[in-house]
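The values are calculated or read from the model by the stated rules, or taken from the named source; none is laboratory data. Please read these numbers as outputs of a predicted model, since none were measured by experiment. Glycine gets a Cβ as well: all are built from the backbone with ideal geometry, and neighbour counts include every protein chain shown.
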Amino acid sequence: MIYIKTIILNETKINFKLLIISITFIFLASAYSLFEYYSLAHGSKFILETINSWPKIIQIIFGVTEISIADFFIYYKSVYFRYCIITFIFACILGSIVLSKESEFKTSEFLFTKAVTREQIVYGKILSSILFFVILDIIILLFLMSFAIFGVLNIDIFISIFMTIIAMFFGQMLFLALSFFISVICNDTSSALNYSLSFLVIAFTLYVFIEYTSGFDYLKYFTPFKFFSFNSIINREFDVFCLLITFIIVFFSYRQTVKSITSRDFE
């Protein structure tokens, strides 16, 4: 247990730069959202006119099919969408580099000679990556509290926002786990990153297709972007089947990751 804690701390230090970069993107998205909300609250029509002039598919891609401050959740949906895109990308990046960089730079051989099992090393890196997103999501929640300056937050709304953060965390864990699995299949970091991000792009493209056609709902089980309906989440409801799919994918991905690393021969 002591060894795993040490691995978690060391890996957290290694990933600290990436955490700062991700926080920076979240800060920029939050700052823009506050500016946007402030502009809409003070009667600015420029943003609405610009968005309404976009083709439907562009609105879907940017998550602004609906934008209004009449109902906070209508506006928050676009903010939440931005957070999901940013954090899912970083989940793919982190999951792709944590293990693959060890093999690529031949540091895994050194690690596996230490007084610690391969399982402990892999579990430590996985737990460190999960901690990465726990920290990031807490920061996102704190940024969202800044909307209190507009007098739109109350306990009920806060609880619903918290539920959306939980749903986003599930999505992050899914992309993170899949990226871990992809990284042990690939021989180098760049390949792992390319395949992980390609999967994200394909999943997002399928999401856009479903939203644009307003049909093919059965395809939602093939893209994580549709696993958790925003409107259901703010009403504190989860699709049990999609939740089950998420848990199965995460469990299988981590299980195969650990199995692959522990059975691997290093020359």
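Structural remarks
Table: residues versus (1) at pLDDT 90 or above; (2) assigned to a helix (DSSP H, G or I).
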| residue | (1), (2) |
| --- | --- |
| VAL201 | yes, yes |
| LEU206 | yes, yes |
| TYR212 | yes, yes |
| LEU219 | no, yes |
| PHE225 | yes, yes |
| PHE238 | no, no |
| ILE245 | yes, yes |
| ILE248 | yes, yes |
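One line per residue, one yes/no per condition, for (1) more than 27 Å from LYS17 (Cβ to Cβ); (2) touching a Lys or Arg at 6+ places or on another chain (Cβ under 7 Å); (3) not aromatic (Phe, Trp, Tyr):
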{"site": "VAL116", "(1), (2), (3)": "no, no, yes"}
{"site": "GLY124", "(1), (2), (3)": "no, no, yes"}
{"site": "SER128", "(1), (2), (3)": "no, no, yes"}
{"site": "ILE140", "(1), (2), (3)": "no, no, yes"}
{"site": "PHE143", "(1), (2), (3)": "no, no, no"}
{"site": "SER146", "(1), (2), (3)": "no, no, yes"}
{"site": "PHE150", "(1), (2), (3)": "yes, no, no"}
{"site": "ASP156", "(1), (2), (3)": "yes, no, yes"}
{"site": "ILE159", "(1), (2), (3)": "yes, no, yes"}
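- If the condition is being outside any loop (DSSP other than H, G, I, E, B) and more than 17 Å from ILE89 (Cα to Cα), then segment 167-187 contributes VAL184, ILE185.
- Extreme residue, surrounded by the fewest Cβ atoms within 10 Å (Cβ to Cβ), among residues of segment 7-56 that are out of contact with any Ser or Thr (no Cβ under 8 Å at 6 or more places or on another chain) and of a type in the set (Asp, Glu): GLU49
- You will find that of THR223, THR205, the residue that is loosely packed, with under 14 Cβ neighbours inside 10 Å and either within 30 Å of ILE155 (Cα to Cα) or not hydrophobic (A, V, I, L, M, F, W, C) (or both) is THR205 and no other.
- Single match in PHE73, PHE88 (criterion: closer than 21 Å to MET173 by Cβ and outside any loop (DSSP other than H, G, I, E, B)): PHE88
- The set of residues in segment 57-80 that are surrounded by 18 or more Cβ atoms within 10 Å (Cβ to Cβ) and not β-branched (Val, Ile, Thr) comprises GLN59, GLY63, PHE72, PHE73, TYR75, TYR76, LYS77, SER78, TYR80.
- Any hit, segment 228-243, residues being under 22 Å from ILE135 (Cβ atoms), crowded, with 19+ Cβ neighbours inside 10 Å and in contact with a helix residue (DSSP H, G or I) (Cβ under 7 Å, 6 or more places away or on another chain): yes
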